[in-house]
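To start, the structure under review is shown below, and the notes come after it.
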């Protein structure tokens, strides 16, 4: 093995595990004890980068836990799901899973779903800008074709369902929230995360709307998705939902080719 | 083309609004490339607005050119897309590694100054420059450990890298100073390895003293010793586009503009002396 690769592996081993420091120190000049202390600077750099990147993706969880507990979660995250990319936007995809198995997630059972919501919001933030959509394209179709079209959703659109009121929890932690902070813990919520222009919006959607959106996001045609929604909620109002989603540009195009599941 | 007398600052999120409102007279703005590895959205809109108002320098911190096992081709593809989209004036990365065996430390770890490391860096810089279809700048990093078995000096390696690949150098004088103190070296000796034509940009930043050495924190004003080193570098190598780098404990925009103003006046003085 060439020297450089062996050297990098030994230093990486020492950065992951202090008990492996001696492997790294043999590649280094100068006082071994001082080198061990200086390797700690690099460990701290990686820990700080991890905490900062997780905090950027999960600002609500950071607020809920507070900075010290969040730093501990970040440390455990680094151990359980180490970074694999130099692009820190990618870091944090596994937080919901890590939280689900973590004592913090056991004492705050809504935390894993909140993590799913925040990760969806993080992805939506940097998603491609949607092109404007002229809804007259739908009206111009013959009536029998309207049920077979499929919608193209703005990049980053996602649904996150929870047995906890995650939209409410998310909302009261937003900067500038000035309402009252009460949370009704008796109901779950389905969050629709969507880019509206440059802004990431999070809405609570009811059962019928959620069923339609989930089916349509999965590629089902409008008619089939609406049937699922009606099965879920006899009062489902397709016209109202589409007016909202098309006006907000969350639905941003249509496919009227044959549906290929 | 950024003027050699230009001074710039890092464009950081808390200052976005104020920079666009005030449009301060700056020679350029620098951002971390990876913060804009996005398909769209508010951050991309900010960078496009910045691009319309100022020359832009894309400074990468995550490519890990010195990883001995593999170059992160996916990361390079994202950088290539960003460069095509923004058409920046400068693109830079580091003489460092940060990942091996699939594990990323998201840090700038130093490389040994060996022929093996030089050959690897030459191959990697060639690959990046051919992907981006433009020369890049490579920066010297701060270090807290030094390797046994070095076969040349760090700046000897950088100079040879520049000669072989045609890349430029991003001379970080704070990193040079931090290393000089941490390892008992003469920072001026490094400048003797360089020629004015090799240098594409200079970085100035603050560091923090600790009982194990100086740490490159980018969280304070540039210290007096680093200003002296800058003065000397400008005298010997001429002025070059200079960035005030500040990443932690971000101060008000005015503090950054004040530091950039000092850099610009030092550069202007050296220009007169060179003329």
Going residue by residue through region A:154-164, is there one that turns out to be more than 15 Å from the chain's Cα centre (by Cα) and farther than 28 Å from residue A:133 by Cα? yes
Among strands (runs of 3 or more DSSP E) entirely within region B:166-224, at least 2 residues that are more than 17 Å from the chain's Cα centre (by Cα) occur in B:208-210, B:213-215
> Is there a residue being under 25 Å from residue B:37 (Cα atoms) and within 18 Å of the chain's Cα centre (by Cα) anywhere in region A:63-72?
Replying inline: no
Residue hits (region B:135-166; modelled with pLDDT of 95 or more and at positive phi) are B:166
If you go through A:36, A:20, the only one that is surrounded by 13 or more Cβ atoms within 10 Å (Cβ to Cβ), over 24 Å from residue B:217 (Cα atoms) and more than 9 Å from chain B (Cβ to nearest Cβ) is A:20
**Q.** Flag for residue B:236 being within 25 Å of residue B:125 (Cα to Cα) and assigned to a helix (DSSP H, G or I)
**A.** no
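Of all the residues that make up region B:183-201, how many are touching a strand residue (DSSP E or B) at 6+ places or on another chain (Cβ under 6 Å) and crowded, with 23+ Cβ neighbours inside 10 Å? Give the steps one after another, and end with the answer.
Going residue by residue through region B:183-201, those that are touching a strand residue (DSSP E or B) at 6+ places or on another chain (Cβ under 6 Å) are B:198-201.
Checking which are crowded, with 23+ Cβ neighbours inside 10 Å leaves us with B:200-201.
Within region B:183-201, residues that are touching a strand residue (DSSP E or B) at 6+ places or on another chain (Cβ under 6 Å) and crowded, with 23+ Cβ neighbours inside 10 Å number 2.
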Note on residue A:95: of the conditions (1) away from every other protein chain (no Cβ under 14 Å); (2) buried (at least 18 other Cβ atoms within 10 Å of the Cβ); (3) over 16 Å from the mean Cα position of the chain (by Cα), unmet is (3)
Just to be sure before I move on: is residue B:46 closer than 28 Å to residue B:258 by Cβ and within 14 Å of chain A (Cβ to nearest Cβ) in the structure I sent? yes
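Can you tell which of A:80, A:54, A:73 is over 21 Å from residue B:113 (Cα atoms), loosely packed, with under 15 Cβ neighbours inside 10 Å and more than 7 Å from chain B (Cβ to nearest Cβ)? It would help to see each step written out before you state the result.
Working: A:54 fails: loosely packed, with under 15 Cβ neighbours inside 10 Å; A:73 fails: loosely packed, with under 15 Cβ neighbours inside 10 Å.
The unique qualifying residue is A:80.
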Picked from region A:170-228 (must be out of contact with any helix residue (DSSP H, G or I) (no Cβ under 8 Å at 6 or more places or on another chain), surrounded by 14 or more Cβ atoms within 10 Å (Cβ to Cβ) and within 14 Å of chain B (Cβ to nearest Cβ)), the residue nearest to residue A:131 (Cα to Cα) is A:197
Apart from one, (1) exposed (fewer than 15 other Cβ atoms within 10 Å of the Cβ); (2) under 30 Å from residue A:99 (Cα atoms); (3) facing chain B (nearest Cβ under 7 Å) all hold for residue A:41; the odd one out is (1)
Of (1) more than 13 Å from the chain's Cα centre (by Cα); (2) crowded, with 20+ Cβ neighbours inside 10 Å; (3) under 25 Å from residue B:35 (Cβ atoms), residue A:129 fails just (2)
Of the conditions (1) touching a helix residue (DSSP H, G or I) at 6+ places or on another chain (Cβ under 8 Å); (2) away from chain A (no Cβ under 12 Å); (3) within 30 Å of residue A:8 (Cβ to Cβ), the single one that residue B:53 does not satisfy is (3)
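The values are calculated or read from the model by the stated rules, or taken from the named source; none is laboratory data. Note that the coordinates shown come from a computational prediction; the quantities given were computed from them, not determined experimentally. Positions of Cβ are backbone-derived with ideal geometry, glycine not excepted, and every protein chain shown enters the neighbour counts.
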